[in-house]
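So the structure is just underneath, and the comments pick up after that.
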Amino acid sequence: MAEAVEKVNLLGMTLPKMIEWFEAMGEKKFRAVQVMKWIHAHGVDDFEQMTDVSKKLREKLQRVAEIRPPEVIWQKDSADGTRKWVMRMDGGSAIETVFIPEDDRGTLCVSSQIGCALDCSFCSTGKQGFSRDLTTAEIIGQVWLAAKSFDKPGQPRERRVTNVVMMGMGEPLMNYRPVVDAMHLMLEDNAYGISKRRVTLSTSGVVPEIERLGDEIDVSLALSLHAPNDELRNKLVPLNRKYPLEQVLSTCREYLRKCGDSKKRVLTIEYTLMNQVNDELAHAEQMANLLREIPCKINLIPFNPFPNSGYERPSNNRIHRFRDRLTELGYNVTIRKTRGDDIDAACGQLAGQVQDRTRRQERFIKLVEAGGTAAERDFSKR
Ligand code: SAH
Ligand code: SF4
């Protein structure tokens, strides 16, 4: 009796891997390029539609391979145009992906892990613990699904996803290989062809992996700073106890240096503002000193509350006061607008349940499938 062979999911293959795979089947290299274009540039998941591939090869591909994105179990548009998807991964857990339209671009916020092990004190993903890493197919699958959701039948592909930020659930550098492979696909001309400046990896500061990253790929880097001294950062970002500020910042500076045309390269500093925790003027001044040697822009994120977080968002007055001080001290500072609040899609609220197959997970998925409100879903988390 013939054994059922597990099909290879081509969605998660980088171009070099796909070429190797086609060549191992005795096929020419250009076949891999053709198939890659169909999958990522045209959003096709059915080999039958690959009209410039011979019928014989299409049949062969059908037998041994598949193009399988994660399953979307819930999708909603916010009043401000933000679109959020909840996707079910193999094993039953859910992750979230958010699309944020702006005047001249569309940014997709992509998840890299189910949960996160780093346990930053103000992050709801961290509070849920770590479940597992996503595969390359599951990471790039979020881009594939988002891009496809804007396609109109019979019309040329709309290129709505112009930017990707690895700022969803998880710490991308704790899932290094799959994340870097997925980013190679984002940059690949035969796939999404997004420019390297428009793909941003955000990290809480995993020093050895930032070093490795700079040797392998050139994307924009964002550092989640959140505190201007080790004492406070140790409390907010526990990873700081392993890789203290000085080490993290010098590694980021080295990353910029490695990535060529360094005059134009800047590090994005993310700083979540929490009322009376890290939002005093003295913190702004200390941050200005700390960052003096680093080409950077600062992005302030007013804290997004979640149940039992123990933190509060500062008043607009305090937020502006903090921003103005940094501006006076010569920094380029922006305040991240809260987007998709009504669909629970803001930074740090991405809280797809993480415990596999638990009753809570099932309740969450049921509520989501029934179109449950954010408040109901919050209730299911307790
Ligand atoms: N793990 C990565 C990327 C994901 S989080 C990192 O930590 O950089 C994306 C950004 O949102 C990070 O800067 C993170 O610190 C911030 N964030 C997390 N929880 C938040 C919250 N409740 N309110 C505002 N920002 C938050
Ligand atoms: Fe993980 Fe980032 Fe959340 Fe910290 S802020 S717990 S690193 S996802």
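Read-outs: derived from the displayed coordinates by stated rules, not from any lab. If you're wondering where the values come from, they're calculated on a predicted model, not measured in any experiment. As a convention, Cβ positions derive from the backbone with ideal geometry for all residues, glycine included, and neighbour counts pool all protein chains shown.
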Candidate lysines - alpha carbon under 24 Å from Lys127, same-chain residues fewer than 8 apart omitted: Lys84, Lys235, Lys242, Lys337, Lys366, Lys381
Which of Met166, Met25, Met36, Met174 has the fewest Cβ neighbours within 10 Å, and the rest in rising order: Met25, Met174, Met36, Met166
Distance (nanometres) between label positions extended 7 Å along Cα→Cβ at Ile73 and Lys258: 3.8 nm
The range 8-66: C-alpha gyration tensor shape, a/c 1.5 cut-off, then a/b vs b/c: rounded
Three-way shape call for the chain based on the alpha-carbon gyration tensor, with the a/c threshold at 1.5: prolate
The range 36-185: C-alpha gyration tensor shape, a/c 1.5 cut-off, then a/b vs b/c: oblate
Hydrodynamic radius by Kirkwood, which averages 1/r over all alpha carbon pairs of the range 175-312, in angstrom: 16.0 Å
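Using C-alpha positions alone, give me the convex hull volume of the range 95-166 per residue in cubic angstrom. If you can, show how the numbers build up before the last one.
Values: hull volume 7.0 nm³, N = 72.
In the range 95-166, the Cα hull volume divided by residue count equals 98 Å³.
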Gain on full stretching of the segment that runs from Lys7 to Asp45 - 0.36 nm per residue minus C-alpha separation: 12.3 nm
Ellipticity estimate at 222 nm from DSSP helix runs (n ≥ 4, -39,500 (n - 2.57)) divided over the chain, nearest 500: -10000 deg cm²/dmol
Footprinting exposure proxy for Tyr176, Tyr271 (fewest neighbouring C-beta atoms within 10 Å first): Tyr176, Tyr271
Sequence-distant aspartates and glutamates (8 or more away, or on other chains) whose Cα lies within less than 12 Å of Lys297: Glu270
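Starting from 0.36 nm per residue, how many nanometres of slack lie between Asp119 and Leu329 once their C-alpha separation is accounted for?
Numbers: separation 210, 0.36 × 210 = 75.60 nm, distance 3.19 nm.
Contour length minus Cα-Cα distance gives 72.4 nm.
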Distance (nanometres) between label positions extended 7 Å along Cα→Cβ at Lys55 and Glu293: 6.8 nm
Extension gain from Lys17 to Glu102, taking 0.36 nm per residue of separation minus the Cα-Cα distance: 27.1 nm
Candidates Ala32, Ala222, Ala282, ranked by Gaussian network fluctuation over the chain, Cα under 10 Å, top entry: Ala282
Spatially proximal lysines relative to Lys29 (Cα-Cα < 19 Å; intrachain offsets below 8 disregarded): Lys17, Lys37, Lys55, Lys56, Lys60
